[in-house]
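Written out below as structure tokens is the structure these notes cover.
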Amino acid sequence: MANNTQPTANLRADIGPFSIIPEWVLDAEVSHGAVRLYALLARYANNDNAAWPSRATLARRLHSSKDTVDRLTKELECIHALMVERRTVKTNDGHKLNKTNLYTIRMVPPGVAAQTRPPSRMDAERGSRDHAAQNENHLELEPKNTASEMFDLFWEVYGKKVGKKAAATQWGRHISDEATAMAAIEGAQRQAEHTEKKYRKDPERWIRDHRWADDELIDPSGSAGTIARLQARVHREGL
């Protein structure tokens, strides 16, 4: 009788990226959603078992809400399967802005040291395939993607909520790293503090023109004030 069983290596190559869940997590007294969250974080994790996807990304992939993600996160923290660092950054004017959480997943239960073993021949044979899968996974961890997730923070800070899709497109084109994203968010915050909403440029144009890099934020709500500021600048800089 013909043997129709496919070799394991070929089958696994067809699966594509996947996550590994330790058996002790499967046996833990947590919900199915918590186990699924663990698997999702493992999918994003780097070689140090660290990941920093946004709560919005996790909620979207789990088909749930951010509140549900928070609840599932607490479940994993309670069984010590997950450590969470809730990160913030301080802007130039002293305000604190939330960044994405830093998640570190545990592969072994508390109190058990991770086992070490020399690499086997099978490990060496599948090394190139694992390396390729890791590289694909790490693409999701580049600062560019973190910056794109920070668009929601910019949207809230800027306050003029018109043309979100177009603004998100411009954000993706012009914001290439987290440092630029933070500069844009700080600039948006200054703009919101000094300019009434109705006088702010549409977010799409504001991002496209890199207005966060302006030396001064000019409030167009009053021509007299604008002229005075321009005259002061001319006098100061000797233009």
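In Å, the Kirkwood hydrodynamic radius of segment 18-109 over pairs of distinct alpha carbons? Walk me through the numbers on the way to the answer.
On the way: mean 1/r = 0.0732 Å⁻¹.
Hydrodynamic radius (Kirkwood, Cα pairs) of segment 18-109 is 13.7 Å.
At LYS96 and LYS161, where each label point lies 7 Å from the Cα along Cα→Cβ, what is the point-to-point distance in nanometres?
Modelled inter-label distance: 2.4 nm.
Evaluate E = 1/(1 + (r/R0)^6) for ILE20 and ALA50, where r is the Cβ-Cβ distance and R0 equals 22 Å; express this FRET efficiency to the nearest 0.05.
On the way: r = 16 Å, r/R0 = 0.72.
Step by step, r from the Cβ atoms, then E = 0.90.
Name the GluC sites (Glu not before Pro) in segment 15-81 that are in a loop by DSSP and that have at most 16 other C-beta atoms within 10 Å, would you?
Values: sites: GLU23, GLU29, GLU75, GLU77; in loops: GLU29.
Sparse-neighbourhood loop GluC sites (Glu not before Pro): GLU29.
For labels at ARG86 and ALA179 in the simple 7 Å Cα→Cβ model, what's the distance in nm?
Label at ARG86, label at ALA179, 2.9 nm between them.
Considering only Cα-Cα distances, which of the following residue pairs are longer than 21 Å: LYS161/LYS198; LYS74/LYS99; LYS90/LYS160?
Details: LYS161/LYS198 11 Å; LYS74/LYS99 18 Å; LYS90/LYS160 23 Å.
Table pairs above 21 Å Cα-Cα are LYS90/LYS160.
Sorted by packing (mean other beta-carbon atoms within 10 Å per residue), highest first, where do 166-178, 78-90 land? Present the calculation step by step, with values, prior to reporting the outcome.
On the way: 166-178: 16.8, 78-90: 13.8.
Descending mean neighbour count gives 166-178, 78-90.
Less than 15 Å Cβ to Cβ from SER64, Lys/Arg counted +1 and Asp/Glu -1: what total charge do the surrounding residues give? Could the numbers behind the result be given before it?
Values: positive: ARG36, ARG55, ARG60, ARG61, LYS66, ARG71, LYS74; negative: ASP67, ASP70, GLU75.
Residues near SER64 contribute +4 overall.
List, in order, the whole-Hz ³J(HN,Hα) value for each residue of segment 43-49 obtained from phi through the Karplus relation with A = 6.51, B = -1.76, C = 1.60 and θ = phi - 60°; use x for Gly and Pro.
So the J values, rounded to whole Hz, are 5, 8, 5, 8, 5, 9, 6.
Within segment 14-111, which chymotrypsin sites (Phe, Trp or Tyr not before Pro) sit in a loop by DSSP and count at most 13 neighbouring Cβ atoms inside 10 Å? Spell out each step's value before the answer.
Working: sites: PHE18, TRP24, TYR38, TYR44, TYR103; in loops: PHE18.
Loop-located and lightly packed - PHE18.
Classify segment 145-214 from the C-alpha gyration tensor, please: rounded if a/c falls under 1.5, else prolate or oblate depending on whether a/b exceeds b/c. List each step's numbers first, then the result.
On the way: a/c = 1.67, a/b = 1.36, b/c = 1.22.
Note, shape of segment 145-214 comes out prolate.
Between GLU29 and ASP214, what FRET efficiency comes out of the Förster formula 1/(1 + (r/R0)^6) with R0 = 45 Å and r the beta carbon distance, rounded to 0.05? It would help to have the intermediate numbers written out before the result.
On the way: r = 55 Å, r/R0 = 1.22.
Computed FRET efficiency for ASP214 and GLU29: 0.25.
Rule-based calculations on the coordinates, nothing more; no lab input. Note that the structure is a prediction, hence the values are computed from the model and not measured. Every residue, glycine among them, receives a Cβ derived from its backbone with ideal geometry; neighbour counts consider all protein chains shown.
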